[in-house]
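Novice: My structure is below; once you've seen it, I'll send some questions.
The values are calculated or read from the model by the stated rules, or taken from the named source; none is laboratory data. No experiment lies behind these values; they were computed from the predicted model shown. With ideal geometry, Cβ positions are generated from the backbone for all residues, glycine too; neighbour counts draw on all protein chains shown. Each accessible area value is taken on the protein alone, full model and side chains, heavy atoms only, with ligands, DNA and RNA left out. Shrake-Rupley method; radii C 1.70, N 1.55, O 1.52, S 1.80 Å.
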Amino acid sequence: MFRRWFVGATVVVGILSSPLPGTDARAAEIKVLSAVAMKAALDDLSSEFERRTGHTVKMAYATAGIVRDRIRDGETVDVAILPRSAFDPLLTQGKIAPGTATVVARSLVAVAVPAGAPKPDISTVEALKRSLLAAKSVVYPDPTKGGATGIHAARVIERLGITAEMKAKTMLVPGSEYAEILAKREAELGIVQPMVVLGVPGVELVGPLPAELQNTTDFVFWAGVGAAAKEAEVASAFIRYLLAPDAARAIKAKGMEPGSE
């Protein structure tokens with residue numbers, strides 16, 4: 001499965017070319033607040049949506065927990081895009097307009113190393129455990145900052161029973177800075193979201209964590225129209241666009257699986 005994600009990874013520009021139906025003729029500006037894990041795909045897609053429709057998309061990114069808290073605390077957005085663990089509480093609190101929640105992408109958690117470095121064996125749970133213990137340094141997002149990748153990485157290490165052994169050699173970063181750290185060879189191994197490191201010079205993906213250690217619930221990314229959205233119609237059009245075939249191909253090229261209606 002993992003290998004299929006990255007076929008055509010370098011072919012993003014030019015695959016989004018057909019007109020987008022059903023958009024508002026009046027130019028509007030929408031505010032989209034998203035988990036930073038989606039940035040690689042959404043930067044391209046928001047620009048293409050602007051080009052096709054004449055609307056303006058103001059993108060803002062943060063870790064999932066920070067985005068959740070900002071919306072929970074009253075920040076007005078037209079579209080929220082978050083993994084399920086952060087999205088569901090907003091639905092419960094009435095911060096997302098009823099009937100607008102839509103799956104736009106799915107992902108797996110993976111391992112990456114500096115380019116040219118030996119690729120560790122992560123093919124099984126025991127192999128991953130051995131490779132983590134053998135690594136001199138490991139980087140992943142700080143779970144206390146609310147990022148789903150960091151939370152899951154910490155849970156995996158706990159499940160492997162090596163929390164104490166890993167503590168001294170683990171570097172925690174606020175968000176997606178692990179890509180830069182790996183590229184600078186400041187860490188030997190990273191637990192990452194593929195779309196964050198895909199195509200980053202100096203970083204190579206090893207592969208996904210073993211299936212038994214994946215979280216196939218929280219790494220489903222949902223989009224919804226904000227309950228207090230100022231441009232609800234255009235916000236809905238933007239979410240529909242993220243499900244269009246061309247957008248789905250772009251999402252796949254960035255290392256994720258596209259969503260579905």
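Novice: So, in region 99-116, of the ones that are assigned to a loop (DSSP other than H, G, I, E, B) and modelled with pLDDT of 95 or more, which residue ends up nearest to T216 (Cα to Cα)? First the steps, then the outcome.
Specialist: Looking only at region 99-116, we keep the residues that are assigned to a loop (DSSP other than H, G, I, E, B), and these are 99-101, 107-109, 115-116.
If we keep only those that are modelled with pLDDT of 95 or more as well, we get 99-101, 115-116.
Details: G99: 23, T100: 22, A101: 18, A115: 28, G116: 30 Å.
Filtering region 99-116 for residues that are assigned to a loop (DSSP other than H, G, I, E, B) and modelled with pLDDT of 95 or more, the one nearest to T216 (Cα to Cα) comes out as A101.
Novice: Within region 117-146, take every residue that is assigned to a loop (DSSP other than H, G, I, E, B) and of a type in the set (D, E, K, R) and give me the one that is most open to solvent (accessible area, probe 1.4 Å). Before the answer, list the steps.
Specialist: Going through region 117-146, the residues assigned to a loop (DSSP other than H, G, I, E, B) turn out to be 117-124, 135-137, 142, 146.
Then keep just the ones that are of a type in the set (D, E, K, R); that gives 119, 121, 136, 142.
Details: K119: 115, D121: 77, K136: 162, D142: 28 Å².
Only one residue tops the list, namely K136.
Novice: Assuming V200 fulfils every condition listed in (1) assigned to a loop (DSSP other than H, G, I, E, B); (2) within 20 Å of R68 (Cβ to Cβ); (3) β-branched (V, I, T) apart from one, which condition is it?
Specialist: (2)
Novice: Oh, and also: List the pairs whose first member sits in region 136-147 and is on the phi > 0 side of the Ramachandran plot, whose second member is of a type in the set (A, V, I, L, M, F, W, C), and whose Cβ atoms are under 7 Å apart, counting only residues at least 6 apart or on separate chains?
Specialist: G146/A64; G146/I66
Novice: Sort out which residues of region 217-261 are open to solvent by 10 Å² or more (accessible area, probe 1.4 Å), among the hydroxyl-bearing types (S, T, Y) and either touching a strand residue (DSSP E or B) at 6+ places or on another chain (Cβ under 8 Å) or not in a loop (DSSP other than H, G, I, E, B) (or both), and write them in order of number.
Specialist: Matches in region 217-261: S236, S260.
Novice: Anything in region 65-92 that is among the polar types (S, T, N, Q) and farther than 25 Å from A237 by Cβ? List them, or say none. Steps first, answer last, please.
Specialist: To start, the set of residues in region 65-92 that are among the polar types (S, T, N, Q) comprises 76, 85, 92.
Across region 65-92, the qualifying residues are S85, T92.
Novice: Restricting the search to region 180-204, which residues are open to solvent by 10 Å² or more (accessible area, probe 1.4 Å) and modelled with pLDDT under 95? Steps first, please.
Specialist: Going residue by residue through region 180-204, those that are open to solvent by 10 Å² or more (accessible area, probe 1.4 Å) are 180-181, 183-186, 188, 196, 198-204.
Answer for region 180-204, where residues must be open to solvent by 10 Å² or more (accessible area, probe 1.4 Å) and modelled with pLDDT under 95: V196, L198, G199, V200.
Novice: Taking region 62-100 as the search range and keeping residues that are open to solvent by less than 50 Å² (accessible area, probe 1.4 Å) and among the β-branched types (V, I, T), which one is farthest from V225 (Cα to Cα)?
Specialist: Only one residue fits best here, namely T63.
Novice: Taking region 167-197, which residues are among the basic types (K, R), assigned to a helix (DSSP H, G or I) and in contact with a Gly (Cβ under 8 Å, 6 or more places away or on another chain)?
Specialist: Matches in region 167-197: none.
Novice: A further question on this structure: Need pairs with beta-carbon distance below 8 Å; first residue within 22 Å of G65 (Cα to Cα) and within region 170-191, second open to solvent by 80 Å² or more (accessible area, probe 1.4 Å) and part of a loop (DSSP other than H, G, I, E, B); sequence gap 6+ or separate chains.
Specialist: M171/E186
Novice: Would you please list the contacts, defined by Cβ atoms under 7 Å and residues six or more apart or on different chains, that run from a residue in region 152-167 that is within 19 Å of A37 (Cβ to Cβ) to a residue that is assigned to a helix (DSSP H, G or I) and of a type outside the set (A, V, I, L, M, F, W, C)?
Specialist: Pairs that qualify, where the first residue is within 19 Å of A37 (Cβ to Cβ) and the partner is assigned to a helix (DSSP H, G or I) and of a type outside the set (A, V, I, L, M, F, W, C), are A154/P143.
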